Amino acid sequence: MTSVVAKFGGSSLANSQQFKKVKAIIDGDPDKKYIVPSAPGRSHPEDQKVTDLLLLLFELINHQISYQEVLGVVKNRYREIVNHIGIDFDLDQEFDLISQALENKASREYISSRGEYLNARILASYLGYDFVDASQVIRFTEEGIFDEKASYEALAQMAQDHERAVIPGFYGMAPDGKIHTFSRGGSDLTGALVAKGVQARVYENWTDVSGMLAADPRIVDQPRTIRYITYGELRELSYSGASIFHDEAIFPVLDAGIPIKIKNTNAPEDPGTYIVSTIQEELDDYHITGIAGRKDFSVIEVQKVHMDKDLSFHRKIFSVFESNHIFIEHIPSSIDSLSLIVSDHELGGKKDQVFKELDTLCKPDSLSFRPGISLITVVGRNMINHVGISATIFSSLAQADVNILMIIQGASEMNVIIGVDTQDFEKAIQAIYAAFDSQADFK
């Protein structure tokens with residue numbers, strides 16, 4: 001386990017200057033043997049991501065609208081890269097193939113995957129690495145489901161056949177030759193699969209930030225970088241709104257015990273963030289890992305005296321939400337009431353139907369509805385055994401004149417969730433962050 005798998009995101013490979021930075025990073029570490037690139041991201045704020053342009057091409061051809069202008073924009077993005085990194089690469093041939101695929105009604109997934117494919121071909125040529133098409137090592141079933149067994153067998157064989165290789169992210173192939181893609185951001189997942197498949201020592205994820213931040217920088221001014229975080233903490237923060245790493249990409253490396261390192265292509269000297277299974281004891285004195293939050297929730301409160309005597313009461317409530325395909329986020333309760341927290345997106349226009357079914361099945365004493373709730377999650381390790389964590393949270397909110405609508409603490413002892421009015425969302429996060437930052441409680 002000496003090899004390093006390095007995935008480079010779209011911002012890291014957006015133009016020729018970024019390609020040069022990536023080459024310097026790879027050349028500086030001989031252990032970086034397997035490289036997974038995304039498609040080019042934005043070179044500047046007014047720019048468009050190449051994958052978005054490719055999806056636009058697909059829509060234009062499907063609606064029988066001329067696509068040549070958009071195809072020219074995509075081609076020019078790659079021409080700038082090829083011309084300025086000084087490699088001999090036949091772009092015309094590649095784009096002739098894409099044009100033929102468009103005319104022949106190629107699938108949306110095939111067209112959207114060409115950004116990663118071309119970036120990988122160019123990067124392999126630039127580095128002097130072998131190119132291994134993801135279609136040969138990332139396998140799907142004919143139903144479009146990721147084929148774990150076939151993929152890991154193919155990746156193990158790749159490691160034997162290629163000492164160094166560039167493998168495009170985001171897509172793979174089924175036995176019938178059809179291209180299938182992961183969800184957007186799926187190159188993170190490809191990198192994790194490659195890391196497990198080649199039994200890497202570490203999986204590096206290179207992006208445009210120097211690791212995970214302890215809070216959203218759009219809300220908190222210059223939040224601290226999280227140096228070390230466990231897989232469990234990352235899951236909690238990701239689920240609660242933090243966004244830097246494809247959530248599903250955790251599982252392959254978690255199973256294999258491979259640490260993830262998030263680094264900044266534009267500042268490779270920064271230490272970044274390590275995502276690991278356990279934290280060394282000397283780093284465990286810190287109490288808080290990070291704060292995240294999500295807006296647009298509502299609370300449905302069901303009240304019924306002696307509900308605790310009816311063994312089927314909870315089942316009947318859950319069956320209503322299940323039959324309406326609504327996921328319940330949290331369920332705070334008391335002896336005679338139950339609060340069901342659901343996202344407004346999940347609830348959609350189903351509120352009246354849900355109330356009708358709850359009234360029919362559960363015969364509650366009352367039903368009430370409160371919209372405009374936001375959930376803020378404070379994440380750390382073993383917080384229940386650290387005196388004063390909750391006091392710090394609640395005191396900071398009181399001082400900021402933020403009313404707490406609900407409090408939820410998970411049995412994992414890893415988080416405290418606070419419900420606040422959406423109008424207080426940003427103010428609440430700022431207050432909690434400032435309180436812990438002043439105590440140097442962040443890792």
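The values are calculated or read from the model by the stated rules, or taken from the named source; none is laboratory data. Predicted model only: the values in this text are computed from it and were never measured. All Cβ positions, even for glycine, are placed from backbone atoms using ideal geometry, and neighbour counts span all protein chains on display. Heavy atoms of the whole protein, side chains included, go into the accessibility calculation; ligands, DNA and RNA do not. Shrake-Rupley method; radii C 1.70, N 1.55, O 1.52, S 1.80 Å.
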Just one listed residue, out of Glu69, Glu59, Glu46, Glu94, is assigned to a loop (DSSP other than H, G, I, E, B), at negative phi and either touching a Cys at 6+ places or on another chain (Cβ under 6 Å) or of a type outside the set (Gly, Ala, Ser) (or both), and it is Glu46
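So in the range 420-435, with the set limited to residues that are under 19 Å from Leu213 (Cβ atoms) and hydrophobic (A, V, I, L, M, F, W, C), which one is most open to solvent (accessible area, probe 1.4 Å)? Spell out how you get there, then give the answer.
Taking the range 420-435 and keeping what is under 19 Å from Leu213 (Cβ atoms), we get 425-435.
Applying the additional criterion that residues be hydrophobic (A, V, I, L, M, F, W, C) yields 425, 428-429, 431-432, 434-435.
Values: Phe425: 12, Ala428: 0, Ile429: 6, Ala431: 19, Ile432: 1, Ala434: 56, Ala435: 21 Å².
Of everything passing the filter in the range 420-435, Ala434 is most open to solvent (accessible area, probe 1.4 Å).
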Candidates Ile408, Ile376 - the one that is closer than 30 Å to Ser438 by Cα, in contact (Cβ under 8 Å) with a residue 40 or more places away in the chain and either part of a helix (DSSP H, G or I) or open to solvent by 10 Å² or more (accessible area, probe 1.4 Å) (or both): Ile408
Only one of (1) open to solvent by 60 Å² or more (accessible area, probe 1.4 Å); (2) touching a strand residue (DSSP E or B) at 6+ places or on another chain (Cβ under 9 Å); (3) not in a helix (DSSP H, G or I) fails for Asp88. Which number is that? (2)
Scanning the range 67-85 residue by residue, those surrounded by 17 or more Cβ atoms within 10 Å (Cβ to Cβ) and among the β-branched types (Val, Ile, Thr) turn out to be Val70, Val74, Ile81, Val82, Ile85
Taking the range 100-148 and the residues there that are in contact with a helix residue (DSSP H, G or I) (Cβ under 7 Å, 6 or more places away or on another chain) and of a type in the set (S, T, N, Q), the one that is surrounded by the most Cβ atoms within 10 Å (Cβ to Cβ) would be Asn119
Filter the range 25-39 down to residues that are farther than 22 Å from Glu269 by Cβ and out of contact with any Asp or Glu (no Cβ under 9 Å at 6 or more places or on another chain), then give me how many there are. 1
Would a scan of the range 304-325 turn up a residue that is closer than 22 Å to Ile417 by Cα and among the β-branched types (Val, Ile, Thr)? no
Residue satisfying all of: in the range 190-227; part of a helix (DSSP H, G or I) and open to solvent by less than 20 Å² (accessible area, probe 1.4 Å); farthest from Asp52 (Cα to Cα) among these: Gly197
Pairs please, first residue from the range 43-66 and surrounded by 10 or more Cβ atoms within 10 Å (Cβ to Cβ) and aromatic (Phe, Trp, Tyr), second anywhere and outside any loop (DSSP other than H, G, I, E, B) and modelled with pLDDT of 95 or more, Cβ atoms under 8 Å, 6+ apart in sequence or on different chains. Phe58/Arg108; Phe58/Ile111; Phe58/Ser112
Scanning the range 73-106 residue by residue, those touching a Phe, Trp or Tyr at 6+ places or on another chain (Cβ under 9 Å), within 13 Å of Leu56 (Cα to Cα) and at pLDDT 95 or above turn out to be Val74
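Among the helices (runs of 4 or more DSSP H) confined wholly to the range 243-355, which include 2 or more residues that are open to solvent by less than 40 Å² (accessible area, probe 1.4 Å) and of a type in the set (A, V, I, L, M, F, W, C)? Step through it out loud before you land on a result.
On the way: elements: 250-256, 313-323, 344-347.
In the range 243-355, 250-256, 313-323 are the helices (runs of 4 or more DSSP H) which contain 2 or more residues that are open to solvent by less than 40 Å² (accessible area, probe 1.4 Å) and of a type in the set (A, V, I, L, M, F, W, C).
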